[in-house]
Amino acid sequence: MQVRRLHPWPSSVAEAESIQDRLRGHVELTGPTGFALVAGLDVHYHGDDAVTAAVVVLDGSTLAPVEHVVAEGRVAFPYVPGLFAFRELPALIDALQRLTVTPDLLVCDGYGLAHPRGFGLACHLGVLTALPALGVGKTPFIGTHEPPGPERGAWTPIVHEGATVGRALRTQRGVKPVYVSQGHRISLDTATDQVLRLTARFRLPEPIRHADHLARHPS
DNA sequence: GCGACAG
DNA sequence: ATCTTGTCGC
């Protein structure tokens, strides 16, 4: 599939932040509610700066695997909180470009709108591909929230600077919540519905679990 | 064995 | 993010 190059690669923190500030204006917070093909993305780190990126495409209704791609790369930016996306983007884009099918939704391992400048990895991937995208974080990042109720499906808003930027969502009884935020071309209600639909069995969405497995054990 | 969770 | 050890439970 096609991935647009909307910016040069940043050579400083200030450049990276200004790219996020500019692309933030491209994010759309509404979109389709159903998705025929759902992709999960993840990156595994090895050694000093090697990364393996994996993209797995599943049938949106049966969750049967349709296609997967693995790409090797290098960490592309130093670790700076809020600029995490720049570490992984080149390897993820490389993997996406090698897909022969175009997914209808990207399920990203990380944050979207719930980010210091409102432009986390899920927003970045959504805008570069023009596809609906959502982010699922495993630990709280920004904003404040109450713990959601104990039953599967319970959620509470994540509020940052007076705005709702995501939801803490209980995907299974007796497990820690996940943190859902919009990436691109999706509403928060739809993002929440999709994450719940993709977590019938485990805490994390099936597409992310598949991608995580593949990135760790390429085969 | 795998998943969740602890330290 | 990674790695390692161990417990509990399905």
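The values are calculated or read from the model by the stated rules, or taken from the named source; none is laboratory data. The structure presented is a predicted model; accordingly, all values stated were derived computationally and were not measured. All Cβ positions, even for glycine, are placed from backbone atoms using ideal geometry, and neighbour counts span all protein chains on display. Ligands, DNA and RNA are excluded from the accessible area calculation, which covers all protein heavy atoms including side chains. Shrake-Rupley method; radii C 1.70, N 1.55, O 1.52, S 1.80 Å.
With respect to residue A:193, determine if the residue is in contact (Cβ under 8 Å) with a residue 40 or more places away in the chain, within 16 Å of DNA strand B (Cβ to nearest atom) and at negative phi. Quick ask: steps written out before the conclusion?
Working: in contact (Cβ under 8 Å) with a residue 40 or more places away in the chain: yes; within 16 Å of DNA strand B (Cβ to nearest atom): no; at negative phi: yes.
Spelling it out, it is not the case that residue A:193 is in contact (Cβ under 8 Å) with a residue 40 or more places away in the chain, within 16 Å of DNA strand B (Cβ to nearest atom) and at negative phi.
For the list (1) in contact with a helix residue (DSSP H, G or I) (Cβ under 6 Å, 6 or more places away or on another chain); (2) open to solvent by 20 Å² or more (accessible area, probe 1.4 Å); (3) assigned to a strand (DSSP E or B), I need the number of the one condition that residue A:135 fails.
(2)
Which count do you get for residues in segment A:47-77 that are more than 21 Å from residue A:207 (Cα to Cα), under 19 Å from the mean Cα position of the chain (by Cα) and among the charged types (D, E, K, R)?
Here the count works out to 0.
Looking only at segment A:170-190, which residues are touching a residue at least 60 places away in the same chain (Cβ under 8 Å) and part of a loop (DSSP other than H, G, I, E, B)?
Matches in segment A:170-190: A:185, A:186, A:187.
Within segment A:195-219, take every residue that is aliphatic (A, V, I, L, M) and part of a loop (DSSP other than H, G, I, E, B) and give me the one that is farthest from DNA strand C (Cβ to nearest atom). Before the answer, list the steps.
Taking segment A:195-219 and keeping what is aliphatic (A, V, I, L, M), we get A:195-196, A:198, A:200, A:204, A:208, A:211, A:214-215.
With part of a loop (DSSP other than H, G, I, E, B) added as a condition, the list becomes A:198, A:200, A:204.
Numbers: A:198: 18, A:200: 14, A:204: 10 Å.
Among them, the one singled out is A:198.
Name the pairs: first residue in segment A:110-123 and over 9 Å from residue A:183 (Cα atoms) and basic (Lys, Arg), second residue open to solvent by 10 Å² or more (accessible area, probe 1.4 Å) and not in a loop (DSSP other than H, G, I, E, B), Cβ to Cβ under 8 Å, at least 6 apart or on different chains?
A:117/A:17; A:117/A:21; A:117/A:24
So residue A:28 passes all but one of these: (1) without any contact (Cβ under 8 Å) to a residue 60 or more places away in the chain; (2) open to solvent by 70 Å² or more (accessible area, probe 1.4 Å). Which condition number does it fail?
(1)
On the basis of being over 17 Å from the mean Cα position of the chain (by Cα), within 21 Å of residue A:205 (Cα to Cα) and more than 16 Å from DNA strand C (Cβ to nearest atom), does residue A:21 make the cut? Spell out how you get there, then give the answer.
Numbers: over 17 Å from the mean Cα position of the chain (by Cα): yes; within 21 Å of residue A:205 (Cα to Cα): no; more than 16 Å from DNA strand C (Cβ to nearest atom): yes.
Taking the combined requirement at face value, the residue does not satisfy it.
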